[in-house]
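Since every read-out is calculated from the coordinates, none of them should be taken as a lab result. All of these numbers come straight from a predicted model, not from anything done at the bench. Neighbour counts run over all protein chains shown; Cβ positions are idealised from the backbone, glycine included.
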Amino acid sequence: MNSIDPIQFLTGGNIVTLALAAFVILLVLKGVRIVPQSEKFVVERFGRLRTVLGPGINFIVPLIDVVAHKISILERQLPNALQDAITSDNVLVKVETSVFYRITEPEKTVYRIRDVDAAIATTVAGIVRAEIGKMELDEVQSNRSQLISTIKASVEDAVDNWGIEVTRAEVLDVNLDEATRAAMLQQLNAERARRAAVTEAEGEKRSVELNADAQLYAAEQAAKARRVQAEAEAYATAVVAEAITDHGIESAQYQVALKQVEALTALGGGQGQQTIVVPAAALEAFSNAFKLFGGKS
């Protein structure tokens, strides 16, 4: 069996066949582009934008179309930035911000802005200074959520032409210089002292009012009691007067005898031993009273 000489094999038509096969393989490799899920490819033809390839298998014209840029579409976070700003009440603050974004239209990002991170950071710094300049320090501290929403909306409008979506903007901290911090602390302590003094004064005022109300209530109740007692005495007097009018002198004698009996009863109910001396006139009054009692029964 004759062996094939390699030199003889590579001559003539075999070389052409191998060259064509290699060229075809090269064209296939150049014409097929597999794009990952997290990226987009920007394709140029003769230096101009041809198309943007999305995730998956894509076909381009070999040797004419070139993948010029591979752009990640994952969400990105800018490094935390610290910028100075002056509030409307002339207080210098240092604002720390953070911005999250992602590229949605790579063709705009590639051909309209050179350094997207630096551009966004500069834009955020300007917007933060402008927005804080419209607010007083107390508003910056208390309305942080509103400030964040305003900054995010303003940044979105500014970077819209760059094919970028701002997903989140955060104001991480608002710091004051030492002099301003000391002045605010002194003001806070003075405000607390004032509120404590006002609270104490209001408490004393309320105590005086309650005491006056209690005294007025006691006086009203005492007056009511005296009125009730006076009405009872007037009623009793009216009853006696009516009895005297109806029954004459006998009713009067009955009342007098009744009062004498009550007085003697009270005297006899005292502690110790008492000797009760009853006048003769009293015996007659008792006799009359007993007669009246007998007549009443």
Could you pull out every residue, at least 5 positions away or on a different chain, whose amide H is within less than 5 Å of the one on Glu136? Hs are placed 1.01 Å off N in the peptide plane, and Pro or chain starts have none. Ser88
Multiply the residue gap between Leu27 and Ala190 by 0.36 nm, knock off their C-alpha separation, and tell me the result in nm, one decimal place. 50.6 nm
State, to one decimal in nm, how far the label point of Arg76 lies from the label point of Leu92, with both points 7 Å from Cα in the Cβ direction. 3.3 nm
Take Leu20 and Asp117, extend 7 Å from each Cα along the Cα→Cβ direction, and tell me the distance between the two endpoints in nm. 5.1 nm
Pair Asp84, Ala214: separation of 7 Å Cα→Cβ label points (nm): 6.2 nm
Applying the Karplus parametrisation 6.51 cos²θ - 1.76 cosθ + 1.60 with θ = phi - 60° to the phi angles of the range 47-54, what ³J(HN,Hα) value in whole Hz is obtained for each residue in order, glycine and proline being reported as x? x, 10, 4, 9, 6, 10, 8, x
Determine ³J(HN,Hα), in whole Hz, for all residues of the range 107-123 in sequence, where each value follows from phi through the Karplus function 6.51 cos²θ - 1.76 cosθ + 1.60 and θ = phi - 60°; x replaces Gly and Pro. 4, 6, 5, 6, 9, 10, 9, 8, 10, 5, 5, 5, 5, 5, 4, 5, 4
Could you calculate the contour length gain from Ala236 to Ser38, that is, 0.36 nm times the residue separation minus the distance between their Cα atoms, to one decimal place in nm? 60.6 nm
Which of Leu29, Ser72, Thr17 sits closest to the plus end of the dipole of the range 6-72, meaning its Cα is farthest towards the positive end, when Lys and Arg get +1 and Asp and Glu get -1 on the C-beta? Ser72
Please list the non-local residues whose amide H lies under 5 Å from the amide H of Ile73, H modeled 1.01 Å from N, same-chain partners needing a gap of 5 or more. Glu39, Lys40
Using θ = phi - 60° and the Karplus curve 6.51 cos²θ - 1.76 cosθ + 1.60, what whole-Hz ³J(HN,Hα) does each residue of the range 78-85 get, with Gly and Pro shown as x? 6, x, 4, 10, 10, 10, 7, 8
